[in-house]
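**Student:** First, the structure itself, so that you have it in front of you.
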Amino acid sequence: MPSPSIEPSAVLAALKSVVDPDLHRDIVTLGFVKDLAIDGGRVAFTIELTTPACPVKDQMRDQARAAVLEVPGVADVEVTMTASVRAAHTAPAGPKPLPGVRNVVAVGAGKGGVGKTTVAVNLAVALARAGSRVGLIDGDVYGPNVPIMLGIHEPLVSTPDGEKIMPAETYGIKVVSMGFLAQDDSPVIWRGPMLHSVIRQFFQDVFWGELDYLIVDMPPGTGDVAISLSQTVPVAGAIVVTTPQQVSLADSRRAVRMYEKLGIPVIGLVENMSYFVCPSCAHESDIFGRGGGERAASEMEIPFLGRLPIYEPIRIGGDTGQPLVVVEPESAAAEAFRSVAGQTAAQLSIAAHGKKRSFALTAMTGGKG
């Protein structure tokens, strides 16, 4: 008997069983299904997600393929996964968006010494390696360490017309930093107006091109740079980095409240230096305590994005300009960074669709449960 003809409506009906776990709607209603083609018993289509860093894209691809194979007459299914990052919704009365840049993301901390820049660098590289177009601004003008952590030593140059600064490029990301302009041992002693000027220049006088995510490594604490940032560009959200102990968590709460007062949505909290795994016996030690970051996030009603371990190669990579997600991509620590990147992208996708941010992310994050 000839195989029954396959109707596009039957394929789409089957695909409605595949639901985005963050947006809580099926991929057909969301408009993710593109380029549906039927050739005899063969069905091909594209699923266009909202970020290349989607943490469940493989799961969604497998679910979609299995669902369509259940349609009578279908013998083979080809699923192509792509992504188109959307801009998160921002206040219409605020500053104008930066042309070509979809999401500006601040990475801050209530105090120094919690590994904020390490998180910002590895987050940016992880997003880029997932297929996103990423830029990184070293907004920590008092301690501009991003060039060291990325191994960049060349000075910045201008565009051919002399109108813009060309960012440095490495590991698939575009970078600007005060570290390119100051001598290695020269202190940066600036007052508020000068800080505002350099932050504005980093955004408006740099040729960023098309970016899905522009990560801003903020100075620690609650100072002028955060105010300048909120006045210069719409900020899609802020990530606050903490460690588990109470002293850090108290300062992190102040940082979260600062971003809220500035009208910057808080994407979530990251607990760095969460635990140490002995390389000899694999025993896990909670050097700075356990669970403080997750409890604080729950109390403040913000998402908890994950835990990152104390791991010597993270420090070595920062000192030598080789981010861990590049040099040890298969390590558990690199997977933890990728998980934080995926959860960050998921939260921005939720915001872009006008949904309430999700707090139930800890089951998918790296590190200890």
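**Student:** Excluding Ala53 itself, what net charge comes from residues whose Cβ is under 11 Å from its Cβ, given Lys and Arg +1 and Asp and Glu -1?
**Tutor:** Surrounding charge for Ala53 is +2.
**Student:** Starting from the Kirkwood radius over alpha-carbon pairs of the chain, derive D by Stokes-Einstein at 37 °C in a medium of 0.692 mPa s and give it in µm² s⁻¹.
**Tutor:** 152 µm²/s
**Student:** Under 19 Å Cα-Cα from Lys111, which aspartates and glutamates qualify once same-chain neighbours fewer than 8 residues away are excluded?
**Tutor:** Those aspartates and glutamates meeting the cut-off are Asp138, Asp140, Asp217, Asp224, Asp251, Glu260, Glu271, Glu294.
**Student:** Out of Val240, Tyr142, Ala341, whose Cα points farthest toward the positive end of the dipole of the chain (charges: +1 Lys, Arg; -1 Asp, Glu; placed on Cβ)?
**Tutor:** Val240
**Student:** For the chain, what % of the accessible area comes from carbon and sulfur atoms, probe 1.4 Å? Walk me through the numbers before you get to the answer.
**Tutor:** Details: 8660 of 16600 Å².
Exposed carbon and sulfur together represent 52 percent of the surface.
**Student:** Determine ³J(HN,Hα), in whole Hz, for all residues of the stretch 102-109 in sequence, where each value follows from phi through the Karplus function 6.51 cos²θ - 1.76 cosθ + 1.60 and θ = phi - 60°; x replaces Gly and Pro.
**Tutor:** 7, 9, 9, 10, 8, 10, x, 7
**Student:** Right, here's the next one. Would you pull out the residues with amide H under 5 Å of Ile239's amide H, same chain only if 5 or more places away, H placed 1.01 Å from N?
**Tutor:** Answer set, sorted by chain and number: Ala106, Val107, Gly108, Ile267.
**Student:** Please give me the summed charge of the neighbours of Val121: other residues whose Cβ is under 11 Å from its Cβ, Lys and Arg +1, Asp and Glu -1.
**Tutor:** Summing Lys/Arg as +1 and Asp/Glu as -1 gives -1.
**Student:** Quick one: how many Å² of His283 are accessible to a 1.4 Å probe, rounded to 10?
**Tutor:** 110 Å²
**Student:** Using +1 on the beta carbon of Lys and Arg, -1 on that of Asp and Glu, and nothing else charged, what's the dipole of the stretch 265-359 about the Cα centre, debye to 20? Provide the component values of the computation, followed by the final result.
**Tutor:** On the way: 8 positive and 11 negative charges, 91 e Å.
So the magnitude is around 440 debye.
**Student:** Which loop-located GluC sites (Glu not before Pro) does the stretch 63-166 contain, where loop means any DSSP state but H, G, I, E or B and the Cβ has at most 13 other Cβ atoms within 10 Å?
**Tutor:** Of the GluC sites (Glu not before Pro), the ones in loops of the stretch 63-166 whose Cβ has at most 13 other Cβ atoms within 10 Å are Glu70, Glu163.
**Student:** Nothing charged except the Cβ atoms of Lys and Arg (+1) and of Asp and Glu (-1): what's the magnitude of the dipole of the chain about its Cα centre? Round to the nearest 20 debye.
**Tutor:** Value, rounded to 20: 1020 debye.
**Student:** Another question, then. Do the sum for the chain: with -39,500 (n - 2.57) for every DSSP H run of n ≥ 4, divided by all residues, what is the mean residue ellipticity at 222 nm, to the nearest 500 deg cm²/dmol?
**Tutor:** Here the helix-only value at 222 nm equals -10000 deg cm²/dmol.
**Student:** Per-residue HN-Hα couplings for the stretch 208-221, Karplus 6.51 cos²θ - 1.76 cosθ + 1.60 at θ = phi - 60°, whole Hz, x for Gly and Pro?
**Tutor:** Listing the rounded values in order: 7, x, 8, 10, 7, 9, 10, 8, 10, 7, 8, x, x, x Hz.
**Student:** Let me ask you something else. Any aspartates and glutamates with Cα under 18 Å of the Lys34 Cα? List them, leaving off those in the same chain fewer than 8 positions away.
**Tutor:** By straight Cα distance, Lys34 reaches Glu7, Asp20, Asp26, Glu48, Asp58, Asp62, Asp76, Glu78.
**Student:** Let me ask something additional. Can you find, among Gly31, Ala109, Cys54, the residue farthest towards the positive end of the dipole of the stretch 1-141? Put +1 on the C-beta of Lys and Arg, -1 on that of Asp and Glu.
**Tutor:** Toward the positive end, the furthest listed residue is Ala109.
**Student:** May I pose another question? Would you work out the relative contact order for the stretch 255-307, in percent, from Cα pairs under 8 angstrom that are 6 or more residues apart?
**Tutor:** Answer for the stretch 255-307 is 39 percent.
**Student:** Another question about this same structure. Once a ≥ b ≥ c are taken as the square roots of the eigenvalues of the Cα gyration tensor of the stretch 98-182, is the result rounded (a/c under 1.5), prolate (a/b larger than b/c) or oblate (a/b not larger than b/c)?
**Tutor:** Taking the square roots of the gyration eigenvalues as a ≥ b ≥ c, the stretch 98-182 is oblate.
**Student:** So, counting K/R as plus one and D/E as minus one, what does the shell of residues with Cβ under 11 Å around Asp205 add up to? Could the numbers behind the result be given before it?
**Tutor:** On the way: positive: Lys164, Arg200; negative: Glu163.
Every neighbour counted, the sum reads +1.
**Student:** Classify the stretch 287-348 as rounded, prolate or oblate from the Cα gyration tensor: take a ≥ b ≥ c as the square roots of its eigenvalues, call it rounded if a/c is under 1.5, otherwise prolate when a/b beats b/c and oblate if not.
**Tutor:** Oblate, because a/c is 1.5 or more while a/b does not exceed b/c.
The values are calculated or read from the model by the stated rules, or taken from the named source; none is laboratory data. Everything numeric in this text was worked out from a predicted model, so none of it was measured. Glycine gets a Cβ as well: all are built from the backbone with ideal geometry, and neighbour counts include every protein chain shown. With ligands, DNA and RNA removed, areas are computed over all heavy atoms of the protein, side chains included. Shrake-Rupley method; radii C 1.70, N 1.55, O 1.52, S 1.80 Å.
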